[in-house]
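The values are calculated or read from the model by the stated rules, or taken from the named source; none is laboratory data. Remember, it's a predicted structure, so these values are computed and weren't measured experimentally. In this analysis, Cβ positions are derived from the backbone assuming ideal geometry, glycine residues included, and neighbour counts consider all displayed protein chains.
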DNA sequence: CGAGACGAGGTAATCGATGTCACAGCAGTG
DNA sequence: CACTGCTGTGACATCGATTACCTCGTCTCG
């Protein structure tokens, strides 16, 4: 049944014009008489014509497609980011090609190369590389997410790690906590560094004497976080609250708190996770919404694709505290 | 620095041949003398030539791209499926375009239409529609995931919902449970129906008299699951274990069990979720690995793209029980 | 009244790779 | 020796849409 795909030529023929004129109508060129336009439009509808994106892209030298490069497509955080990008893209009839680097620099290079080869119109990248020299004269707009490219003047959408951490710790303080522990990643990444700085900002900003024994830097993949939490609670002067600097640390710490029946400890997690709102108490988080990051990155990219040329900018995705209980527990057992 | 992209014509010129001959070398046509071949190959390397995928696709009438259509790209389950598909695709130099239906039938139609328009080489679809007539003479191979298309002879990769549910319930029985409750979705989907059947299979297979008061069909989005769990535990003869037929029901039920301090109740969840292995006790699950589903679907699709024509088949992705504790609790409080 | 501007539209080249077909040269064959 | 049959090769058309450039009226204005 499905008839042969109609081509521009068929439309032109049906409308009794040349392909060029048909093309004008389709591309909204106004140098066409109303009458001709109507004929062409009718033909388009009659034949169910839709331009071949491949042919169009070839001629224009640019595909109606954007590429999204992330660590791992299956990572829930990036999955949500991508989901939001796709949501914005589909409204603009743009396809989204995904690729993952698996956190390997050479793969990053390969997938980007492949995307350039395809002449994508734009790229959104969670880069793991430090060296972006090969992107310097990119033929298409780039937007970095999660981490800005420090050696490249390009748009980026990141979160205010330092400010967010400070905000979280201050939230705990507002509920009476003064001894607040930090559990976070080892300092390998900029993200971790900034969050620890934010924690220190809050402590010092409140005039509290910093106590380094309250700062635990762990390897969350090894399950250190729970051990660290237990050690913290055994201190002579234990914390009344814990700030967990990332999701994985939270996932490690919380089972320990439950097991020790210390759900009276104040707790805030930088980063949300499934079940966070179904635990008892539900876990208060600093939300760095992947959707917001995806949306902001896509907005910026599409605005450049539309020809706008805003100054290059590093955009901070909004952070907000989602109070669910664990961060609003009053400080107890104060000596 | 980045010189102009080399075209086939440039290669041909550098090698002193026609474009056609260069094309032959690149496409591995053997009707080329060894000497000419060597010259062309050298030129390809010197110029860093790589064929333009767009032009090639246009000529061939087929893009080196596959489309993946799911409910929601951001859904962790589908994200993992897609991640695995992308992993397989990149090895074959195939790009992956994603699109989501947001569970709306008209969107399914629209995104599929768009992908056809792009002339994707193949499609992997988690269809939500019941009517696939418009896919009947698809121009490219289709593989359904998660749900088979019942009105269409097409490959599908699904899980054995009935068998998996039975397996889960039998696992509980092996730990002494005889009164086992079912908490699951309302019966709108085939998936839910099959899982309830599996539960009944196990109960009857064990010679237990079915007790309908142990079967709770809820609307998990409304938070019914927790309420249902509480009601079950208040029964005169309460269950000693619960089989939760899907992830969302588990997410609803578990906080209730924890709140009631009834973590002694046996529990198995059909479908994994974050924190499942960090709760106390950790949650035993029936794992329907999204990676396996993605891999199987991609394998099937690529084998068809490679020209193989295996008979159309509905493939069952493997299911396995991941014992973590909650499913291995011995039955207690037996009257 | 002639010139230039402008509106509406057409012709042919082009994007880059590949399919069709023709052709030259040489080997084998009856 | 004429003929068929390969082998290696290239010229040219083609995929479908867009762009550069041109034509032909008609309108306006000096």
Residue in the range B:88-101 that is within 16 Å of DNA strand D (Cβ to nearest atom) and on the phi < 0 side of the Ramachandran plot present: no
Conditions (1) more than 13 Å from DNA strand C (Cβ to nearest atom); (2) surrounded by 20 or more Cβ atoms within 10 Å (Cβ to Cβ); (3) in contact (Cβ under 8 Å) with a residue 12 or more places away in the chain: number failed by residue B:11: (1)
Residue within the range B:39-47 that is in contact (Cβ under 8 Å) with a residue 60 or more places away in the chain and within 15 Å of DNA strand D (Cβ to nearest atom) present: no
Residue under evaluation residue B:221, criteria (1) at pLDDT below 95; (2) within 24 Å of residue A:258 (Cβ to Cβ); (3) assigned to a helix (DSSP H, G or I), criterion not met: (2)
Check on residue B:282, at pLDDT 95 or above and surrounded by 15 or more Cβ atoms within 10 Å (Cβ to Cβ): no
Among residues of the range A:242-268, those that are under 14 Å from residue A:165 (Cα atoms) and away from chain B (no Cβ under 12 Å), counted: 7
Selected residue (criterion: surrounded by the most Cβ atoms within 10 Å (Cβ to Cβ)) from residues of the range B:96-128 that are touching a helix residue (DSSP H, G or I) at 6+ places or on another chain (Cβ under 7 Å) and over 22 Å from residue B:151 (Cβ atoms): B:98
Residue A:272 vs. criteria in a loop (DSSP other than H, G, I, E, B), within 14 Å of another protein chain (Cβ to nearest Cβ) and in contact (Cβ under 8 Å) with a residue 12 or more places away in the chain: yes
Condition check for residue A:85: within 8 Å of another protein chain (Cβ to nearest Cβ) and under 32 Å from the mean Cα position of the chain (by Cα): no
Which numbered condition residue B:56 fails, given (1) buried (at least 21 other Cβ atoms within 10 Å of the Cβ); (2) within 30 Å of residue A:6 (Cβ to Cβ); (3) within 16 Å of DNA strand C (Cβ to nearest atom): (1)
Failed condition for residue A:291, given (1) at pLDDT below 90; (2) surrounded by fewer than 22 Cβ atoms within 10 Å (Cβ to Cβ); (3) at negative phi: (1)
